[in-house]
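S.K.: Structure provided below as structure tokens; questions to follow.
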């Protein structure tokens with residue numbers, strides 16, 4: 001990598017932020033760093049052009065992820081497409097609460113989830129449809145109308161790695177599924 005790409009402090013700060021917080025969208029990044037959206041957009045496009053970050057669309061949001069840089073130990077390896085989708089969902093308040101609730105049990109019905117996540121039934125249905133379509137959640141075999149996390153260990157790993165779960169939740173994940181590598 002050409003060192004001049006990260007010679008600008010703002011650009012270097014943005015790159016480090018994306019490394020530590022993959023899946024954030026433009027406005028979230030700008031808010032977190034106290035920068036204008038225009039400035040953040042300019043530098044993120046520059047980083048994309050130089051293949052240091054990758055972007056993917058999540059509905060109306062463009063989310064940013066680090067690419068792996070050969071020879072750099074501090075950069076996490078690039079995320080798989082599924083991990084990007086799961087992380088994008090985990091960055092949203094309602095899907096995060098739903099996934100955290102489902103992570104603590106085998107499965108749950110719409111009604112059970114609704115009792116734990118304070119949103120309207122139609123809002124919950126909307127988010128569950130998105131999670132089903134992205135294959136982060138699937139239908140529970142035991143109950144036709146139940147939902148479960150498709151790959152709980154992968155979701156738990158993302159939640160722990162990117163600090164989206166509390167220590168109590170992580171302890172519960174480990175107890176439910178035994179030891180897993182982070």
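S.K.: Take residue 116 and residue 16, extend 7 Å from each Cα along the Cα→Cβ direction, and tell me the distance between the two endpoints in nm.
M.R.: 3.7
S.K.: Just to be sure I understand the model, the point goes 7 Å from the Cα along the line to the Cβ. What's the resulting residue 139 to residue 162 distance in nm?
M.R.: It is 2.9 nm.
S.K.: Right, next: Just order 44-50, 117-123, 131-137 by mean Cβ neighbour count inside 10 Å, highest at the front, would you?
M.R.: Details: 44-50: 16.1, 117-123: 12.0, 131-137: 18.3.
Final packing ranking: 131-137, 44-50, 117-123.
S.K.: Want the number for residue 154 to residue 129: 0.36 nm per residue separation, take away the alpha-carbon distance, what's left?
M.R.: Numbers: separation 25, 0.36 × 25 = 9.00 nm, distance 1.98 nm.
Gain on stretching residue 154 to residue 129: 7.0 nm.
S.K.: Would you please give the FRET efficiency between residue 26 and residue 50, computed as 1/(1 + (r/R0)^6) with r the Cβ-Cβ distance and R0 = 22 Å, to the nearest 0.05?
M.R.: That gives a FRET efficiency of 0.80.
S.K.: For 38, 161, what's the fewest-to-most ordering of other Cβ within 10 Å of each Cβ?
M.R.: On the way: 38 9, 161 14.
Result, fewest neighbours first: 38, 161.
S.K.: Something else now. So, in nm, how far is label residue 104 from label residue 7 when the simple model puts each one 7 Å beyond its Cα toward the Cβ?
M.R.: The answer from the label model is 5.3 nm.
Values in this text are rule-based calculations from the coordinates and carry no lab data. Computed from a prediction, not measured in an experiment: that's the story for all the values here. Cβ sites come from the backbone with ideal geometry, for glycine too, and all protein chains shown count toward neighbours.
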